[in-house]
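First the structure, in the form of C-alpha cells, and then the observations on it.
The values are calculated or read from the model by the stated rules, or taken from the named source; none is laboratory data. Just so it is clear, the structure is predicted and the values come from calculations on it, not from any experiment. In this analysis, Cβ positions are derived from the backbone assuming ideal geometry, glycine residues included, and neighbour counts consider all displayed protein chains. Protein only, heavy atoms only, side chains kept; ligands, DNA and RNA dropped before computing areas. Shrake-Rupley method; radii C 1.70, N 1.55, O 1.52, S 1.80 Å.
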Amino acid sequence: MNISYMYSLIAVIVLFLLAYVGVNFPGGEVFFGIIIPYLALIIFILGFINRVIDWARSPVPFRIPTTCGQQKTLPWIKSANIDNPTTTGGVVVRMILEVVFLRSLFRNTKCELKEGDKISYEWEKWLWLFSLTFHWAFFTVLFRHLRLFTEPVPACVELLAKLDGFLQIGMPGLMLSGVALLAAVTFLFLRRILIPQVKYISLGSDYFPLFLIFGIAFTGILMRYFTKVDIVGVKEFTMSLVTLNPHVIKGIGGVFYVHLFFVSVLLAYFPFSKLMHLGGIFMSPTRNLANNSRAKRHVNPWNYPVKIHTYDAYEDEFREKMVEVGLPVEKMIAPETPEEPEEKE
Amino acid sequence: MPNKKQMYDKGKVVIGLCILVALMTFPFWYNLGKAAPAPEPKLSEKAKAAKECVMPKAYMTSGHMQLLNEWRDTVVRDAKRIYTNPSGKKFNMSLSNTCLDCHVEKAEFCDKCHNYASVTPYCWDCHIDPKEAK
Ligand code: HEM
C-alpha cells in the first residue's frame, strides 16, 4: 500500500458518495446541479487566466529551446529546421506537432542495466501510444458532449459521433472513445504502480487526476450503457444551464450527479494542478522560442540601467593625476606652456 | 530587478487567453437568443387509449433501445416472435408492425426526441416508416 494513491483513491470515493448521497437532501439537486458547476467553471476560467498571467510575468533572460537537431549554420551543412527551429514558422510547426502528436514523448527511451552491469537504452513507445490515446479520446468525448449543450446540434458534432460509433455494437451504440479513454487511464495508472522507479516519484497529485478522470469515464459509461438515464431530461437540464435559466429536472438520477460533480471538481482543481500543462505547453520557453541567439541580439529583459563609468570618462577625470605618477594615458594633455616640458612622463 | 507587473509577449498571451475563454464558454454564446424547448413527443389516440406501452413509461423512455435490440436478436437468431411482458401481455416483436402501429407518426413521436438528443439510430436505415416511404 502506498499513501499517495490510497489518499487519492479515498478522496475520489468520498467525492462519489458526497454527490450520490448529497443530491437526495433537500436542495441537493440545486447545489450539485447548478451552484457547483457554475462555480467550478468560474474557478477554472479565472484560475487559468491567473496562472498564465503569472507565467507571462516571469522574464526569460536567455533563449533556452531544447534542440534535437543540427542548428542552422553554414549553407552547405544541412540543418534541422523543425527540431532546431530558427524561425517563428519552425517554432509553430514544432509546437503543433508537440501538441497534437506529443512528438517529444515519442523519443521516450527506457534505460536499464542488462546482463549484470551493461547499460542499455531501448525505445519505449507504450507511454506515447497510451498518452496519445488518452488525450485524443478525452477530446473526442468532450466534443461529442456538445450535443447536450447545443440546440441545434452542429453537424460536426453529429459527424464525430457517427465516426466514433461506426462499429455499431449494441444499443445504444458503443462509442469507441469512451472505452479508449477508460483503457488509457487504466494503463497510465498501472504504469505508475508497476514500474518501481515511476512509483517512487509518483505523488498524490499524480494519482488524483487519474482516479478522477477514471471516475468520470466510469460513471459516464455506467449511465449510457448500464443504469440508463433519461437523456432528453438531461439535455433539458444542461440547456437550462447554458441559457442561464437554470432549473432542476426531476428524476435524472444519482449517477448523473456524480458524473457532473466529478467534472466540476476536475474543472475547479485544474488551475492548481499539473493539468495546467494544457496552458503550460504554450508558455514553455524550451518549446516556444526560436534558437536564433547567434543571428539576433536578445537583450536580457531584466537588465536595468546600470550606472556606468567608461574608461574614456575615467581617464578624463584622472588624467592629470595619472600623468603625474607616470601612468600611461591614451590622450596626452596638450602642453599648455612650453615652460613645463619635463612634466610629461 | 524583474518588474513583477510587466507581462512579456502580452499580445500573444492575451490572444491565447481569449481563445481559451471563447472555447470554454462556447455553449453560452452559441445558444444566445435561441429558445430550445424540450420536445414533447405527441402520443397518438391509439397510444393514449392503450395507456401503457410494452413496459412502464419510465423504462421505455430510457431503455427502449435496449428492448428493441433484444427483440431484434430474439427474432433474427431464435426465430421467436412473441414477447411476453412482466404483466403477461403478449406482443409481436416488430418495430414496424407493433411499435409504429401505435405510435403512428414517427416524425411526431420518435424523431422529436432523437433529433433533440442528436441520436441517429441505424434501425431506420432498414425499417422505413410506411408513411414516409410513400
Ligand atoms: C471532462 C468532461 C467529461 C468527460 C471526460 C465525460 C466522459 C463521459 C463518458 C466517457 C461517457 C460515456 C459515453 C460516451 O462515451 O459518450 C459519458 C456519458 C455521459 N456524460 Fe459525460 N463526461 C464529461 C462531462 C460531462 C458533463 C459536463 C455532462 C453534463 C452536464 C455530462 C453528461 C453525460 C451524460 C448525460 C452521459 C450519458 C450519455 C448517454 O447516455 O448517451 N458529461 N461522459
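General remarks:
- In segment A:180-193, residue farthest from A:Gly253 (Cα to Cα) [restricted to those that are more than 9 Å from the ligand (Cβ to nearest atom) and surrounded by 21 or more Cβ atoms within 10 Å (Cβ to Cβ)]: A:Ala184
- A count restricted to segment B:110-120 and to residues that are outside any helix (DSSP H, G or I) and either within 12 Å of the ligand (Cβ to nearest atom) or crowded, with 20+ Cβ neighbours inside 10 Å (or both) stands at 3.
- Residue that is nearest to the ligand (Cβ to nearest atom), among those in segment A:202-217 that are among the small types (Gly, Ala, Ser) and in a helix (DSSP H, G or I): A:Ala217
- Residue within segment A:136-159 that is out of contact with any helix residue (DSSP H, G or I) (no Cβ under 7 Å at 6 or more places or on another chain), within 16 Å of the ligand (Cβ to nearest atom) and charged (D, E, K, R) present: yes
- Flag if A:Phe262 is within 14 Å of another protein chain (Cβ to nearest Cβ), assigned to a helix (DSSP H, G or I) and open to solvent by less than 80 Å² (accessible area, probe 1.4 Å): no
- Pairs, first at positive phi in segment A:218-243, second of a type outside the set (Phe, Trp, Tyr), C-beta under 8 Å, six or more apart: A:Lys228/B:Ser62; A:Lys228/B:Gly63; A:Lys228/B:Gln66
- Candidates are the residues of segment A:161-179 that are within 11 Å of the ligand (Cβ to nearest atom) and more than 10 Å from chain B (Cβ to nearest Cβ); the one that is surrounded by the fewest Cβ atoms within 10 Å (Cβ to Cβ) is A:Val179.
To keep it simple, each residue is scored yes or no on (1) at pLDDT 90 or above; (2) in contact with a helix residue (DSSP H, G or I) (Cβ under 7 Å, 6 or more places away or on another chain); (3) surrounded by 10 or more Cβ atoms within 10 Å (Cβ to Cβ).
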position	(1), (2), (3)
A:Asn288	yes, yes, yes
A:Lys296	no, no, no
A:Thr310	yes, no, no
A:Tyr314	yes, no, yes
A:Val325	yes, no, no
A:Ile333	no, yes, yes
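- Test for A:Phe143: is it part of a helix (DSSP H, G or I), open to solvent by less than 60 Å² (accessible area, probe 1.4 Å) and touching a residue at least 24 places away in the same chain (Cβ under 8 Å): no
- Against the numbered list (1) assigned by TED's automatic domain parsing to the domain that holds A:Tyr38; (2) surrounded by fewer than 17 Cβ atoms within 10 Å (Cβ to Cβ); (3) more than 30 Å from A:Ile35 (Cα to Cα), A:Phe282 comes up short only at (2).
- The sole residue among A:Pro196, A:Pro246 that is open to solvent by 40 Å² or more (accessible area, probe 1.4 Å) and more than 15 Å from the ligand (Cβ to nearest atom) is A:Pro196.
- Residues satisfying the stated conditions in segment A:205-246, i.e. among the charged types (D, E, K, R) and more than 14 Å from chain B (Cβ to nearest Cβ): A:Asp206
- Set side by side, the residues A:Gly220, A:Gly233 differ, and just one is of a type in the set (Gly, Ala, Ser) and near the ligand (Cβ under 9 Å from one of its atoms), which is A:Gly220.
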